[in-house]
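Heads up, the thing below is written out as C-alpha cells.
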Amino acid sequence: MEVNSVLIQKNIEKAKKGDQVAFTFLLDFFWNEVYGFMLKRTENETDTEDIVIETFAKAFDKIASYNPEFGFNTWLIAIAKNVHIDLLRKKKSSLFIDINDEDERQAYNVADDSNSAEDELIIEQNLAQLLQYIKQLKPAYQEVIQMRYFQEMSYQEMAEQIDEPLNNIKIKLLRAKKLLAEIIIGK
C-alpha cells in the first residue's frame with residue numbers, strides 16, 4: 001500500500017468518528033478530482049461547485065456506509081453522478097411544457113404570472129422566518145450564507161472578500177447549510 005492510500009484510510013476512519021480535520025483532509029485531497037470529473041459532465045462551473053459541495057455533504061453524512069473494498073474516489077464520483085442526475089431531474093421538471101395548440105400557447109403568453117397579494121405575504125413571512133433561523137447560526141456562518149444566497153457571490157468572490165482560502169469557504173458554507181437545515185428541521 002502506498003503512503004497516500006494509508007493516509008486516506010486513516011483519515012476515513014477518523015472521519016467516521018466525526019473528526020472535522022479528517023473531513024477537511026478528505027475534501028482537500030479529493031476536491032479537484034471530483035470537481036474536474038463533474039465539470040466535464042456539466043460544462044458549468046456554478047452547477048459543478050454546487051454538485052461537488054452536495055457530494056461531499058452527502059458523503060460525510062453517509063461515511064459510515066463507505067465500503068473500503070472500493071476506492072474512496074470511486075465512491076465520491078458515484079455520489080456526484082447521483083447528485084448530478086437529481087439536479088437534471090429538478091431542472092427538467094421545472095421547464096415549460098410544450099403545447100402544440102397555438103391558441104393555448106398564446107393564452108399562456110398573455111396570462112399574468114405575477115404573484116398575488118397573498119403570495120407576496122407568504123413569501124415575505126417565509127423569508128422572515130428563514131432570516132430568524134439564519135440569525136441562530138454563528139456570525140461566520142451567517143456571513144457565508146448571506147454572501148452566497150442573498151448577494152449571490154461566487155465562491156471565489158467570497159474567498160477574496162473574507163480573505164480565506166477557497167476550500168475554507170466551501171467547507172464553511174457546507175457546515176453552515178448543514179447547521180441551518182438542523183435548525184429548521186428541529187423547529
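The values are calculated or read from the model by the stated rules, or taken from the named source; none is laboratory data. Here the structure is a predicted model, which is why all the values come from computation and not from measurement. Note: ideal-geometry Cβ built from the backbone for every residue, glycine included; neighbour counts use all protein chains shown. What goes into the accessible areas is simple: the full protein's heavy atoms, side chains included, and nothing from ligands, DNA or RNA. Shrake-Rupley method; radii C 1.70, N 1.55, O 1.52, S 1.80 Å.
Translational diffusion of the range 120-187 was estimated from the Stokes-Einstein equation, with Rh taken as the Kirkwood radius over Cα pairs; at 4 °C and 1.567 mPa s the coefficient is 104 µm²/s. A simple spin-label model places the labels of GLU69 and GLN129 4.5 nm from each other, with each point 7 Å out along Cα-to-Cβ. Our estimate of slack between GLN156 and VAL6, defined as 0.36 nm per intervening residue step minus the Cα-Cα distance, is 50.8 nm. Once neighbouring chains are kept in place and the probe is 1.4 Å, which whole percent of the accessible area of the range 49-93 is contributed by carbon and sulfur? Carbon and sulfur: 54 percent of the exposed surface of the range 49-93. Using the Cβ-Cβ distance between LYS14 and ASN82 with R0 = 22 Å, the FRET efficiency computed as 1/(1 + (r/R0)^6) comes to roughly 0.30. Coordinate range of the alpha-carbon atoms in the range 1-59 per principal axis, descending: 34, 25, 13 Å.
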